[in-house]
Every structure is written in C-alpha cells, then in structure tokens.
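Below you'll find the structure, written out as structure tokens, and then a few comments.
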Amino acid sequence: AAARVVVTLAARAAVFDGQRAPAAWRRASALVRRRRRDVVAAWMVLASLGAVVWIGGRLLSPVLQDTALAYPHDSAYAAGRELGHALLAVPLEAFLAALGAGVWTALYREVPERDAGRARTGGRRGDPWVVRALAALTVVTIAANAVPAAIDAAWERDVETALDALDATTIEPLAALGDAPPRPSGGPRPSYDVDAELDDDVLTWTTHVELVNDTDAPWRDVGVNVYPAAFEGRVDELPMADELLATDLAGTLRRDAEPGEVTLEGVRVDGESARHTLSGTALTIDLERPLRPGARASLEIDLRSRLPVWPDRFGVWDDTVVLGNWIPLVAVHDAGGWRLDPYGDVGDPFYSEVADVRVRLVTDARDGVVGTGVLTGSEAVAGDRRSWTFHAPAVRDAAYVVAPDLRGLERRTAGVTVRSWYPADEAVQGAANGRAAASAVAHYTRAFGPLPYDEIEIIEGDGLLGGMEYPGIVMTSAVQRLEGIPLLPDLLAHAGFDDARSRYVAGHEIAHQWWYATVGNDQVREPWLDEAFAEASTRLWLRAQDGDDRTWRMTVLRARAGPRAGVVGARADDFSSNASYGEAVYLAGSEVLLELRARIGAPAFGDVMRAWYRRTYLDIGSIDGFVATVRDVAGADAAAWLERYR
C-alpha cells in the first residue's frame, strides 16, 4: 500500500510540476513523511471502497442474482456472464484509480494553492481524469449490465427449448411394460412370490418362498432376515440415524422423521402354522420335520408395517415410498449356520443369494412404481387402485419406489435398457443421471462383461445417503439440498461440485450392478469385494470420460488416497462410523486395485477383472477366490503383493 502511494505521488509530481524522476521521487517521499496521517486516512477510505466493490461484484452479486447460478459452470453462458461482470468490474476499478489520483492530487497540492485556484476560477477545480473516468464508467456500466441481461434471455430460451425436447421423449412408468425376462441358467435356487398392498403409509404383504436344502446336512430350522424390523423404536435408533442426524444441517430429518411399526402376523411351513422367533431382524422358523439335503419346503410369511417417515432404504418421505430390503430373505447358510447378522449402522449389512422373484404391488392409482425386474403387468383394481406386477429372475433382492408424477427417459446401450426416473420438476437432473448411467453401463460392459439383466432403473430422490444400490435399480440423491444454509448450496452448484458429485454417485451405484448384484459377496465380513471394486470401476470410468481424476477429486475432496494394510480383509463392523469405513474400504481399498493395475499393466488387470466376473457370475465370491484369480491370470508375484493389504 505504501509503495502504491509513493508511486502515485511521484507520478503526480512528474506530470504536474514537470520534475525529473529523482526529484519527483524525493518530493513524493517527503510529502508522505510530512502528511502521513492524511495519506493513511485517504488510503484507508479508498481501500474500503475497493473492498466493498470487489466483494459485492465478485461474490455477492452473482449469488444474489437468481439466474446467474443456473448456468453450467463450464458453459459458454457462464463465460459470457463472467465477461459481463468483468466489463462492470474493470471500469469500477478504473474509477477508483482515478478517484485515487484525485485524492493524491489533493494531498500533493498545498491547501493555500488550492484555495487560490478556486478564487481565480470562481469555483472548485475539478480533476479532468476523474470526470473522464466517471463518463467512461457510465457508458461501460450500461453496456456491462446489458450483456448479462441478453445472456439471461438467451439462456432461458435455450433451457425452455431443451425442456420441451425432454418432454417430447418423456415416458411414464406404465411405458415400461414388457414381457417376462428369461431365467438365467444355473442350478436350483429359491423363488419368492410377494403379494403386497400399500394403503397410504401402511404396507401389508405376504411372501411365499420355495426353497431347497442345498447343503449336505439336514435343516431343523430356517433363518430369515426381516430387515424392516430395524425401523422400529426411537428415531435415533433407526439405521444410520446417528450420522444422518449429525449431518442434518437444516434440521429437516430431526423435525420430520418418525419410526415405523412392524408386525409379524403369521408364519406357515407347507401350509401349516409354524413356531417361530423374531429377535431384532432375525427370524428363526422351526421345522416340524428336518429338511433333508435336496428336499424342498414352502414358507409363507405375513407382515404388516406402518412405514417409518425416513428418506432412505425403507420408508416414506414427502410423497415418495422407498421399499428397499423389505422382502424377508432366507439367510445364507454356511459352516456356522444361518447368517442372521444384525442390521448394523456401518456399510450395507446385507448378505443374500440369488433367487427368482415375482412381486405384485397394489397402490393408489395416481402413483407410479419402478423397481427391480421387468414390469410385466398393470391393471386397475377396485377403489381407484392399480396393481403392478414385476418379474425379476436371479436377483439378490428386489426394491421399488412408489411416487406420483414420476417421469422417465429411456435409452438402449450395450444390450441394456437404461431408464432414468425423476420427479416432474427434476427433468434436468434426470436427464443428467440418464446420460451418466448409460455411459457407465457401456463402459463397464466392455470392461467386465454383460449383465444378466435387460433393464436398469436409476431414480433421483431426496435421500441423505447419496446413493443406494439394489439389483436392477439404483437410487440417487446426488445434489445435496442444504436447506436453510445461505449462499452455500448455490456456490457449490456454481463451482461444479453438484455436477461432479451426481456423475460420481451414478457411476458408483451403477458399478454395483456388476459388483454385488451379479458377483455377490459377504457385504458384512468382506465388503472390499463390492465397495472397493465399485469405487475403482467408477474412477476408471471417470478417467475415460474426463481424461483425469478431476470429478473424483471434487467429490471426495482429496487428490489421492493411498492403499494401506488391512483394508482388503476389513469387516464392516471393524469401523465405528461410515466416515472411517469409507476412508478405508472405498478409498484406500480402491487404491489397492488401482495400484495392482499399475503394477501388472492395464491389459492384464482387465483380464483379471473379466476372469473374476466370469468365475463368480450370479454366485458369491470371496477374497480367497479373488486372490486365486489374480494368481492364475497375473502370476504369483501379483497375488503375493495383494496379500500384503489383507
């Protein structure tokens, strides 16, 4: 600041008094010393004015103008608007400089000299540079405000045209009607036949299960995971409540959330009532006679639930019902017996084998339903109701979303129909989700192999988890709505964070159709096999799209996450929070795979992943099995290196 004052005063001495440079510098320095109080006061005034102009013009002005932050951050519209702001900011800065020159002139000239000048001219003497600056400021300000106004008008026209084009190709849920899909080949597997009715926030459903004892020992009971039972109790006891409530900055969840109620109304085995025990989410059904290896049994389970008011996995939120993990699933039977793991707060505490599923769901006629499998039938029923029937062969679970005013966009890529669903007022986000999902499906199909499913649905909602995967459907809420937080949501959108995060979430959840839905794993004890694989797949897809890791870095807010020992064999219950779980399993775990790729080369890594996908297709993989695949395809050294991180 002092240097700028001296330079300005020296320039005035040279211009007004015709002094040579050395004399001008000496006079400026002497004047600053003699009148330092006046100089400091004048400088502070100018600095304050400059700060106000800069802050107002560069920060608050774009935020407070509603249209300014509607533009994609990397578009020509945004560049044009920035140019308009620059046209306004430059003359303002020039005016301040001219005003500064006038102030320095007042300081430079002696007071008697100024008074004498006024007496000779009969008035105040004006600085011509200030007058010229004001004139230029007036002209350029008019032009600078006209530029954004013109850009706004063009942007609104283009948005309206784009929305009209989307409307022309938009479908409703009934447009997804199709034929029952063929059953993928494979050995005997369970089948689930679910008849459900949703009446406002009350869900009643009967699940008929046909199962075969595929073990070498007789079964005296059957274990079933009834996950909806986890949504009873207090709000702060619901799944992941601690972390969701902690990040509920606007207080919406804390204000509106309510627990649900679940009633087990009946259990039958081969048509006869059966003794049973429900403890938490673990249902144990006693068998009258042991079920021999290879023998079949038929189970029927009647459930009734007043749905929780909850935004993720299972519940009703606003006018949307999410039915995830709602079907009672026969537990995996391993050497230790039935895997009835508790519904933990960290990760995805689900573990299941593939089965053939048919779901018939009756809802209000105004609602649409999308979800796992192919919609094979829909018809009106009595009382202004409608039934929806889905067939989903070879899936580990089946999830559905029920909501009014659902709209969709459909495209075919890599042999898969990809549909993006969204509320009627979220068309722009829905279109972006559809583009990202289709691109990811095409990339993963080339990289790993084709899916066993002909359709994938991606639906935009208001959940707080960001994304959740189920076979054939992924639920996203990629744009975090920080209600009640001033400026921050718009600034994040304007900087491109929302766009980056929505692409990342779509890519990650779509990758789970390969790693979890098709290639299964024990998500409780070996989550690395799906989360790290989905994360590494997403990063490689984003690199292929962008040429670098910029989208991933903007989403996770870091440049790199190095591999570390223990992440390959980590269990979900080894972690006390999803933050630490994500750091280890998602980030460090995916770095292990990317480091492996760097060590053995991209072609060999691709061979490993395709071999693993082929070997465990519709089966359950293990870490031992993946290490063996690495050894078979890439060699013993690569497998030994991978073991270092177990």
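The values are calculated or read from the model by the stated rules, or taken from the named source; none is laboratory data. These figures come from a predicted structure and were not determined experimentally. Positions of Cβ are generated from backbone atoms using ideal geometry, with glycine treated the same way; all protein chains shown enter the neighbour counts. In case anyone asks, the SASA skips ligands and DNA or RNA and just uses the protein heavy atoms, side chains included. Shrake-Rupley method; radii C 1.70, N 1.55, O 1.52, S 1.80 Å.
The table below lists the values:
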{"read-out": "Total residues in region 512-543, condition over 19 Å from G625 (Cβ atoms) and either open to solvent by 10 Å² or more (accessible area, probe 1.4 Å) or part of a helix (DSSP H, G or I) (or both)", "value": "7"}
{"read-out": "Filtered residues of region 231-244 (kept if assigned to a helix (DSSP H, G or I) and open to solvent by less than 20 Å² (accessible area, probe 1.4 Å))", "value": "F231, A241, L244"}
{"read-out": "Filter result for L642 (surrounded by 16 or more Cβ atoms within 10 Å (Cβ to Cβ), of a type outside the set (D, E) and in a helix (DSSP H, G or I))", "value": "yes"}
{"read-out": "Subset of region 355-397 (residues that are within 30 Å of I620 (Cβ to Cβ) and either assigned to a loop (DSSP other than H, G, I, E, B) or at pLDDT below 95 (or both))", "value": "T372, G373, R396, D397"}
{"read-out": "Hits in region 544-565 (condition: open to solvent by 60 Å² or more (accessible area, probe 1.4 Å) and either outside any helix (DSSP H, G or I) or modelled with pLDDT of 90 or more (or both))", "value": "A544, Q545, G547, L557, R558, A559, R560, R564, A565"}
{"read-out": "Failed criterion for T284 (all others in (1) open to solvent by 60 Å² or more (accessible area, probe 1.4 Å); (2) hydroxyl-bearing (S, T, Y); (3) in contact (Cβ under 8 Å) with a residue 40 or more places away in the chain hold)", "value": "(1)"}
{"read-out": "Lone qualifier among V568, V608 - being assigned to a helix (DSSP H, G or I), on the phi < 0 side of the Ramachandran plot and in contact with a helix residue (DSSP H, G or I) (Cβ under 6 Å, 6 or more places away or on another chain)", "value": "V608"}
{"read-out": "Cβ-Cβ under 8 Å pairs, at least 6 apart or on other chains, region 10-38 side at pLDDT below 75, far side open to solvent by 70 Å² or more (accessible area, probe 1.4 Å) and not in a helix (DSSP H, G or I)", "value": "A14/R20"}
{"read-out": "Residues (open to solvent by 20 Å² or more (accessible area, probe 1.4 Å) and closer than 22 Å to G266 by Cα) located in region 299-328", "value": "E300, D302, R304, R306"}
{"read-out": "Evaluation of E379 against (1) open to solvent by less than 10 Å² (accessible area, probe 1.4 Å); (2) more than 27 Å from E535 (Cβ to Cβ); (3) not small (G, A, S) (one fails), failing number", "value": "(1)"}
{"read-out": "Residue within region 577-591 that is farther than 30 Å from M240 by Cα, open to solvent by 60 Å² or more (accessible area, probe 1.4 Å) and of a type outside the set (F, W, Y) present", "value": "no"}
{"read-out": "Meets criteria (among the charged types (D, E, K, R), in a helix (DSSP H, G or I), farther than 20 Å from R503 by Cα and out of contact with any helix residue (DSSP H, G or I) (no Cβ under 6 Å at 6 or more places or on another chain)) for D573", "value": "yes"}
{"read-out": "Members of region 245-263 that are touching a residue at least 24 places away in the same chain (Cβ under 8 Å), in contact with a helix residue (DSSP H, G or I) (Cβ under 8 Å, 6 or more places away or on another chain) and either more than 16 Å from V316 (Cβ to Cβ) or assigned to a loop (DSSP other than H, G, I, E, B) (or both)", "value": "D248, A257, P259, G260"}
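Conditions (1) surrounded by 20 or more Cβ atoms within 10 Å (Cβ to Cβ); (2) without any contact (Cβ under 8 Å) to a residue 24 or more places away in the chain; (3) in contact with a helix residue (DSSP H, G or I) (Cβ under 7 Å, 6 or more places away or on another chain), marked per residue:
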residue	(1), (2), (3)
R386	no, no, no
F390	yes, no, no
R396	yes, no, no
A399	yes, no, no
L406	yes, no, yes
L409	yes, no, yes
A414	no, no, yes
S420	yes, no, yes
P423	yes, no, no
